[in-house]
Amino acid sequence: MCKSLHEPLDDEELTQLDEFLLNRIDDETGDRIAAAGEDEGILDLSELDGFLSALVSSPNVIPPSRWLPALWGVEEPAWESADQLQEILSLIIRHQNSIAATLLQEPQAFEPMFSESHVEGKTYLIVDEWCHGYMRAVALGAHAWGASDPEIKRLLQPIRLWGTEEGWSRIDAMSDEDQTRERNAIPQSVRALHKYCLERRALESAPARRASPKVGRNDPCPCGSGRKY
């Protein structure tokens, strides 16, 4: 039974999508080695979640024809069948729709899908992959995101910090307290960016309005001459 494209993924489907992303670039021996500098695309669910979160928040609409190649990187998966292609794309679109609905209808309920690392009984959040995915989508519409917009620049700061090589060098110089503060700022920044960028999108797409009422052909000319327009 096909599920609606607006139905959130369950845990089993999230695991299925994560495993597909992790394994999609392996060859038959599982030993595929990326060439130096090769863009392998998105390789796990956390990075995909960040990527899709930025797509639904973008100031301009980015069609799948542009963002799917960025998702796959240098090599599109070798699909086993048309059914597998349809199934995976359906999972991706459903997750994208779920993120969009949450940010639009219940923004405070939105939480990024950060990875976790367990070391000596302690759990540590790994935010780098999620933020890198977000910035990958931002790069697709860099002009629309507006490098000169001070509000977008401010709100992107914690995401850029954890999602770019430039940011990673700054993190290394930070204290643990400062790192925690910047890490904790990410969810609220995402919510605020979604709201701000969609408001800007709506403003830019609104039809132009006349500054003054339309003048009819038999009305007095607005120049003040007293003649008919």
Legend entry - Within the stretch 79-95: backbone nitrogen closer than 15 Å to the Gln16 label point (7 Å, Cα to C-beta): 80-95
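Give, rounded to the nearest 20 debye, the magnitude of the charge dipole that the stretch 70-215 has about its Cα centre when Lys and Arg contribute +1 at Cβ and Asp and Glu contribute -1 at Cβ.
On the way: 16 positive and 22 negative charges, 257 e Å.
Once rounded to the nearest 20, the dipole reads 1240 debye.
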Legend entry - Percent carbon-and-sulfur accessible area, the stretch 80-159, ignoring ligands, DNA and RNA, probe 1.4 Å: 53 percent
Legend entry - Integer Hz, Karplus 6.51/-1.76/1.60 couplings in order for the stretch 85-91, x for Gly and Pro: 4, 5, 5, 5, 5, 5, 4
Inset, instruction - Order the peptides 47-59, 73-85, 153-165 from the highest to the lowest mean number of other Cβ atoms within 10 Å of their residues. - result: 47-59, 153-165, 73-85
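Per residue, how large is the accessible surface of the stretch 77-134? Use a 1.4 angstrom probe and give square angstrom.
Working: 3390 Å² over 58 residues.
On a per-residue basis, 58 Å².
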Legend entry - Under 5 Å, built H, 5+ apart or other chain: amide partners of Ile126: Ser115, Glu116, Ser117
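If you stretched the chain out fully between Ile62 and Ala139, how much longer would it get, using 0.36 nm times the residue separation minus the C-alpha to C-alpha distance? Walk me through the numbers before you get to the answer.
Working: separation 77, 0.36 × 77 = 27.72 nm, distance 1.12 nm.
Length difference between fully extended and current span is 26.6 nm.
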Legend entry - P(r), alpha carbons of the stretch 55-113 - 5 Å bins starting at zero, rounded %: 4, 15, 20, 25, 18, 11, 6, 2
Inset, instruction - Taking just the C-alpha trace of the stretch 1-158, give me its Rg and Dmax in Å. - result: 16.4, 49
Inset, instruction - Would you kindly state how much longer the chain becomes between Asp39 and Glu116 on full extension, computed as 0.36 nm times their sequence separation minus their alpha carbon distance, in nm to one decimal? - result: 25.3 nm
Inset, instruction - Starting at the first residue of the stretch 105-114, write each ³J(HN,Hα) from the Karplus equation 6.51 cos²θ - 1.76 cosθ + 1.60 with θ = phi - 60°, in whole Hz, x for Gly and Pro. - result: 9, 9, x, 5, 8, 6, 9, x, 8, 6
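The values are calculated or read from the model by the stated rules, or taken from the named source; none is laboratory data. What you are looking at is a predicted structure, and each value in this text was computed from that prediction instead of being measured. Using ideal geometry, Cβ is built from the backbone for each residue, glycine included, and neighbour counts are taken over all protein chains shown. In case anyone asks, the SASA skips ligands and DNA or RNA and just uses the protein heavy atoms, side chains included. Shrake-Rupley method; radii C 1.70, N 1.55, O 1.52, S 1.80 Å.
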